[in-house]
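Below is one structure, written out as structure tokens; the observations come after it.
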Amino acid sequence: MRNHARRAAALALPLLGLTTACGNPIEVPKSICGTPVDRDVMKPILPEEGDVTQSSEQLTLDEYCVVRVDKSRLLQIEIRGLDEPLPSEDWIPDRKLGYRSGEPTQLPFARRAIVGRQGALVETDCGNPSKYLLFRVDFSPVEGQSEATAATVKGFVQDYVTAAKKQLDCSS
């Protein structure tokens, strides 16, 4: 009888190790697309498990970046330099586009902003290297993750845009 108990315990130990090793806890990145982010702000928009990868393409001032978790797109960020503000019609809500399904939001650094649970569109003064900057953030929850709230997206956008403006050395 004792041998059975020892054998069962010996078999259970490796199985316990397998169940804890199956989940790959996510490592919260220190930066997104080369821009430092507050890990506490980033964590709520990430799933609990998975591997984070990033790719970006820089075209003069304009940048396009994608953040993936286990090959599924989680975040898509576009930064564009503008000589003039976006026309008013570009700020009309459109439920088909994630960043436009939100609400107009006041942000201390933004000329205009729309923030929702699927993303944000933010226009801000820069001065140099471009008169204005436009940030478009599209958020897509990955499998096994609940959707973000507008508050979590807003927290990320505030942190990211502020850091990006500083990194780009905006004069405004």
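Below is a table of values for the structure above.
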item	result
Qualifying residue in region 66-87 (condition: closer than 30 Å to Pro25 by Cβ, at pLDDT below 85 and assigned to a strand (DSSP E or B))	no
Residue satisfying condition, being assigned to a loop (DSSP other than H, G, I, E, B), modelled with pLDDT of 85 or more and surrounded by 11 or more Cβ atoms within 10 Å (Cβ to Cβ), within set Glu63, Glu27	Glu27
Any hit, region 75-83, residues being over 18 Å from Leu121 (Cβ atoms), crowded, with 17+ Cβ neighbours inside 10 Å and touching a residue at least 60 places away in the same chain (Cβ under 8 Å)	no
Considering residues of region 137-172 that are of a type in the set (Lys, Arg) and crowded, with 18+ Cβ neighbours inside 10 Å only, the residue nearest to Ile26 (Cα to Cα)	Lys154
Residues located in region 98-139, provided they are in contact (Cβ under 8 Å) with a residue 24 or more places away in the chain and β-branched (Val, Ile, Thr)	Thr105, Val115, Val122, Thr124, Val137
Looking only at region 88-99, and only at residues there that are more than 20 Å from Glu63 (Cα to Cα) and part of a loop (DSSP other than H, G, I, E, B), the one that is modelled with the highest pLDDT	Ile92
Residue within region 115-128 that is more than 18 Å from Met42 (Cα to Cα) and of a type in the set (S, T, N, Q) present	yes
Residue that is modelled with the highest pLDDT, among those in region 143-168 that are farther than 26 Å from Asp62 by Cβ and either assigned to a loop (DSSP other than H, G, I, E, B) or among the acidic types (Asp, Glu) (or both)	Thr149
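The values are calculated or read from the model by the stated rules, or taken from the named source; none is laboratory data. Nothing here was measured: the structure is a model prediction, and the numbers come from that model. For neighbour counting, all protein chains shown are included, and Cβ atoms are generated from backbone atoms with ideal geometry for every residue, glycine included.
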